[in-house]
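The values are calculated or read from the model by the stated rules, or taken from the named source; none is laboratory data. Note that this is a predicted model, so its numbers are computed, not measured. Quick reminder, even Gly has a Cβ in these numbers, built from the backbone with ideal geometry, and neighbours come from all protein chains shown.
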Amino acid sequence: MRLALAQVEVRPADVDGNLERAVDAVAEAAAEGADCVALPEIFDVGYFAFDAYARHAEPLGGETHRTIAEAAVEHDVAVLAGTVVEDLEASAAAGEAVPADEGLANTAVLFDADGERRLVYRKHHLFGYDSAEAQLLVPGERLPTADLLGHTVGVTTCYDLRFPELYRSLVDQGATMALVPSAWPYPRVEHWKLLPRARALENLMYVGAANGSASFDDASLVGRSTVYDPWGTPVATSDDDPTVVYADCDPDRVAAVREEFPALRDRR
């Protein structure tokens with residue numbers, strides 16, 4: 001799999017513009033041979049634009065998801081629709097399985113190159129430190145995986161990186177790759193460099209940590225979207241400007257590393 005992390009510019013509450021930039025990044029990545037493109041956390045509204053969450057929330061299959069699914073089909077590439085703010089009541093009314101029948105969620109959807117929904121993940125761990133997320137959103141309950149281009153892929157979101165048991169659960173489901181849409185801000189640069197690397201190393205898996213490029217009234221994102229290999233080695237990274245990061249991720253390499261260094265089998 002040639003993985004692309006689309007570190008798009010995210011402007012506060014500029015939903016139309018953010019979606020247009022995301023679709024442009026998908027097209028650019030596909031033209032460069034990407035098989036799968038991952039977008040950042042809350043790429044539609046902007047993570048720190050909390051006042052805009054309710055106003056711009058959509059159900060699963062809403063306009064943002066339809067647009068991303070259409071881009072996946074048009075460019076023949078799988079796309080992780082970062083995360084968007086989901087209206088749980090509207091999703092429930094449409095017959096979707098949701099963790100609550102009202103409220104908002106921080107929701108990632110993985111589409112394959114046929115535009116089919118392969119995975120829905122709602123962020124489990126809601127950030128409370130200097131953030132309104134924990135007050136505004138409902139946490140997710142499911143931790144699904146999807147088989148995609150030879151990998152078993154799981155998704156977690158940003159703050160989830162601080163909870164390693166979540167990644168152990170993915171490994172127990174056979175995951176060889178975790179995609180992590182994020183909106184990681186300054187000044188915690190070293191945390192951002194350490195945590196996804198640790199999750200890759202301890203689980204002997206690929207981790208693609210896709211951050212945004214954005215400035216809000218109270219925060220700016222660190223960027224530095226990075227792909228880590230199963231040894232925890234960063235194989236592709238960026239600075240904090242808008243860009244697309246590419247890495248070739250071979251599922252056979254995961255199997256080889258786990259055979260060579262069988263730490264997962266040594267768990268007690």
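A few points about this structure:
- Scoring ALA52 on the criteria (1) outside any strand (DSSP E or B); (2) closer than 20 Å to VAL207 by Cα leaves a single failure, condition (2).
- Residue check for ASP172: surrounded by fewer than 24 Cβ atoms within 10 Å (Cβ to Cβ) and either among the polar types (S, T, N, Q) or closer than 24 Å to ARG117 by Cβ (or both): yes
- Condition broken by PRO144, with the remaining ones in (1) in contact with a Cys (Cβ under 6 Å, 6 or more places away or on another chain); (2) surrounded by fewer than 20 Cβ atoms within 10 Å (Cβ to Cβ) satisfied: (1)
- Among (1) more than 17 Å from PRO251 (Cβ to Cβ); (2) assigned to a strand (DSSP E or B); (3) of a type in the set (A, V, I, L, M) - the single one VAL235 does not satisfy: (1)
- Boolean, THR233 is of a type outside the set (Gly, Ala, Ser), modelled with pLDDT of 95 or more and under 27 Å from SER131 (Cβ atoms): no
- Residues considered: PRO12, PRO40. Of these, the only one that is assigned to a loop (DSSP other than H, G, I, E, B) and within 18 Å of the chain's Cα centre (by Cα) is PRO40.
- Filter result for the condition that a residue is part of a loop (DSSP other than H, G, I, E, B), small (Gly, Ala, Ser) and within 19 Å of GLY82 (Cα to Cα), over GLY128, GLY115: GLY115
- Looking only at segment 81-139, and only at residues there that are charged (D, E, K, R) and under 20 Å from LEU161 (Cβ atoms), the one that is surrounded by the fewest Cβ atoms within 10 Å (Cβ to Cβ): ASP130
- When restricted to residues that are in a strand (DSSP E or B), modelled with pLDDT of 95 or more and surrounded by fewer than 19 Cβ atoms within 10 Å (Cβ to Cβ), segment 179-225 contains 1.
- Residue, nearest to SER213 (Cα to Cα), within segment 35-52, restricted to residues that are in contact (Cβ under 8 Å) with a residue 40 or more places away in the chain and surrounded by fewer than 24 Cβ atoms within 10 Å (Cβ to Cβ): ALA49
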